[in-house]
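Since the structure comes first, as structure tokens, the remarks are kept for the end.
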Amino acid sequence: MPRGYYCPPCYEGWWPCNESDERYFLPAQQRLTFVLVHGSWADAHFWDGVAAVLRSRGHAVYTPEYAGHGKDPNKNVTHAMITKSVVDFITKLNLRNFVLVGHSFGGTVIQKVAEQVPDRIKRLVFWDAFVLKDGESVVDEFPAQMRQSFEQLRASSMDDTIMLPFPLFRDFFVNTATLDEAKQMYLSVTPEPAKPLFEKLDLKAFYALSMPKSYLYFYQDNALPQGEGFGWHPHMSIRLGQSRLIVGDGDHFTDSRTRPVMLAQKIYEAGRD
Amino acid sequence: MPRGYYCPPCYEGWWPCNESDERYFLPAQQRLTFVLVHGSWADAHFWDGVAAVLRSRGHAVYTPEYAGHGKDPNKNVTHAMITKSVVDFITKLNLRNFVLVGHSFGGTVIQKVAEQVPDRIKRLVFWDAFVLKDGESVVDEFPAQMRQSFEQLRASSMDDTIMLPFPLFRDFFVNTATLDEAKQMYLSVTPEPAKPLFEKLDLKAFYALSMPKSYLYFYQDNALPQGEGFGWHPHMSIRLGQSRLIVGDGDHFTDSRTRPVMLAQKIYEAGRD
Amino acid sequence: MPRGYYCPPCYEGWWPCNESDERYFLPAQQRLTFVLVHGSWADAHFWDGVAAVLRSRGHAVYTPEYAGHGKDPNKNVTHAMITKSVVDFITKLNLRNFVLVGHSFGGTVIQKVAEQVPDRIKRLVFWDAFVLKDGESVVDEFPAQMRQSFEQLRASSMDDTIMLPFPLFRDFFVNTATLDEAKQMYLSVTPEPAKPLFEKLDLKAFYALSMPKSYLYFYQDNALPQGEGFGWHPHMSIRLGQSRLIVGDGDHFTDSRTRPVMLAQKIYEAGRD
């Protein structure tokens, strides 16, 4: 028996392993179309790194920016307006047969988008995203203390937005980042329209849909407590019923900047047939 | 302080690290005897890759195939017949002092086998396997929707078997595989005798046994929902009482084909003294 | 598109990747002061490997040994005496602005130390550590069977200590170790004063503190069952309220000996600003 290292990429050989061995090469990827829907305190640039990686592998990638976010000066938006932004983006470009990915709050957006253009969608992918029950709001899924913090932040706003203070952003969104990375990412955080986070959504139509679904969970993501009645997985993923689970190492925001290849690979694994 | 890469195999040095440093070599393995018990929708060939790796490292490996599976044309079997297959295999070969590994449904089999030949067994290893409570059946551990699906599949069968439709196999058993790998693995899936999945098992004797036990959990395994009152770990692992936990990256079936070295290493870590 | 290996350290390039590419170098670390508080069945030497790594990276590291442990011949100690050991260590050396890390039982110690010297502490880090509720004892967090075992071990002692039998140490503290590593580590296990594990602690002052906090969780740690109402994360981590989560691969004790670089890196990630 040979002794030595495991070959880390696949753990299927000794290290340094035989680079010419075909087993160790990444398989060619199925060519897909991705529509990536960002979450709160983010805009379409959230996906810049991931989109570049996915495109380099032959996929088509679209990153709609929705009402109240990015270049939109109007912060007085509803969840329906946000959904309409994405639906309009899809129908104007006549996109079909795409993988619709929602991150965080974006999960609630793709739930509602899926109700409106179900036949255009190949698969839904929720990445550490809300899967709301019929009649729920996003803040209904927060622990009491977090909900109170958000209500106070909302009440202190002049324009019904919530600005995420840096300490909350640091702990809940970029916990694995260096402080410099955290500060850099915080530069793109702007006040979030509050109303859509508190709106209770009618999701009866969503729960009647039968399209393929995946849940991508990163186990260092602490944006919500993970367990004890809260969290992404399995608390929300279980609501999808039959679905594909993919798990990775990462947190809520950091890897979109620091490990776009890893994140793109996981999104691909969640999205492929 | 030097700057550079971590050396991935152990994270204990800079990369490229000094290959001659003995710390980085895999330790020699204790020589063990393994009896590997497959689960539903599988036969003894499920273990081909893992068994080859374990044998290459000096272990003795046995992979009994049980009633209603593999080459057995009779699908009208009971849980007791399945248990008898494994017990007879063990006693005919007069196997002793072995690590008895059960995967998935195979967990229920090693629970019953352990009741009958406890003195021959060195350790029980449950790999993403059912650990049923006294008086439970396998389907008692399914969420309501999954149980209904299985009851319908059973009702639609002519010979009281359940054939796993490809979409269910894809989502629940091989979620991390490529589509090609999933299709390849599906070729060996045949209709599963339904009755043993619905039989309530008397496990009072099992819970009086005191032999060493381990639970091996793969965190991408989604064959059952993981949490909210369901799942492999900790929902079933906790029933073992004092036991050894080993956790790895993998799903329910895929790694047996694509990463047999990783899987064999984890089974060894669960099985060694 | 190039084909090949992922570069394992960061997954952001093909392997072998360009070593001169600055992205792949570890970022320089913020210089911190760490005070590391060990748990039960351990003494200050528990931290030897980790402390050496942290010092090599420019951090100041202190590892106070507390009453009833290490060189202290008196095993008849209270939780208050243990806390006083650490507080006295800190005040005698006039340590300020440090990251206070507690492992396992050490979590209860840093809870009480934080109450007494809050202004000296920069951040609290709980690594697979108890975060007790006000009025709780450590054994209140044990499953019934484990609590009974500990009560019996205590009752059988002449000097109100609990010696951890090797099989329990093997399964609960060093489950991922080889048997040789487990035996080697067991050489430093000595009888643990029982009283502090059964004392109910007044923690009202702790829960009024607002300093930064982190929880470091290793997902192979099975010292407590992880879920079903027990465990480190999220069962105890959630009690910290807003805090930073860091997750790693490891168990309760082994990595302090076998992977001090990995463990030191995770402690740094939990402790930095």
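The values are calculated or read from the model by the stated rules, or taken from the named source; none is laboratory data. Since the structure is predicted, the reported quantities are computational estimates derived from the model, not experimental observations. Note: ideal-geometry Cβ built from the backbone for every residue, glycine included; neighbour counts use all protein chains shown. Just the protein is used for accessible areas: all its heavy atoms, side chains included, with ligands, DNA and RNA removed. Shrake-Rupley method; radii C 1.70, N 1.55, O 1.52, S 1.80 Å.
In the context of the full set of protein chains, residues of the stretch A:119-273 present 34 Å² of accessible surface per residue (probe radius 1.4 Å, heavy atoms only). Mind checking which aspartates and glutamates have their Cα closer than 15 Å to the Cα of residue A:133? Skip sequence neighbours fewer than 8 apart in that chain. Here the aspartates and glutamates satisfying the reach criterion relative to residue A:133 are A:115, A:141, A:199, A:202. Projected onto planes of every orientation and averaged, the convex hull of the alpha-carbon atoms in chain C covers 16.4 nm². Interface residues of the stretch C:245-265, defined as those losing at least 20 Å² of solvent-accessible heavy-atom surface relative to the isolated chain (probe radius 1.4 Å), are listed as C:245, C:246, C:247, C:259, C:261, C:262.
Both radii were evaluated on the Cα set of the protein assembly as shown; the Rg over Rh quotient, with Rh as the Kirkwood radius, amounts to 0.95. Sequence-distant contacts, meaning Cα pairs under 8 Å at least 6 residues apart, place the relative contact order of chain C at 20 percent.
Taking every residue in C:228-240, how many Cβ atoms of other protein chains lie within 10 Å of its Cβ, on average?
4
Note on residue C:30 and residue C:188: the model spin-label points, each 7 Å out from Cα along the C-beta direction, lie 2.9 nm apart. If both residues of a DSSP beta bridge must be in the protein assembly as shown, then about 20% of such bridges are antiparallel. Chains B and A together bury roughly 3000 Å² of accessible surface, counting both sides and using a 1.4 Å probe on protein heavy atoms.
Computed on protein heavy atoms with a 1.4 Å probe, the accessible areas place C:81, B:262 in the order C:81, B:262, largest first. Annotation: amide H-H contacts under 5 Å for residue B:248 (H modelled 1.01 Å from N, sequence separation of 5 or more, or interchain): B:217, B:218, B:219.
Dividing the radius of gyration of the alpha carbons in the stretch B:123-220 by their Kirkwood radius gives 1.01 for Rg/Rh. Excluding same-chain neighbours fewer than eight residues apart, the aspartates and glutamates reachable from residue C:122 by a Cα-Cα span under 12 Å are C:273. Surface exposure of the stretch A:33-94, expressed per residue as accessible area with a 1.4 Å probe, stands at 39 Å². Take the alpha-carbon centre of the stretch A:96-118, take the same for the stretch C:167-188, and report the distance between them in whole Å. Value for the Cα centre distance between the two parts: 49 Å.
Please report, as a whole percent, how much of the solvent-accessible surface of the protein assembly as shown comes from carbon and sulfur atoms (probe radius 1.4 Å).
For the protein assembly as shown, the apolar C and S fraction of the accessible surface comes to 53 percent.
Over 32 Å apart at the Cα level, from the set B:84/C:183; C:71/C:112; A:204/A:266; B:71/B:200, are B:84/C:183.
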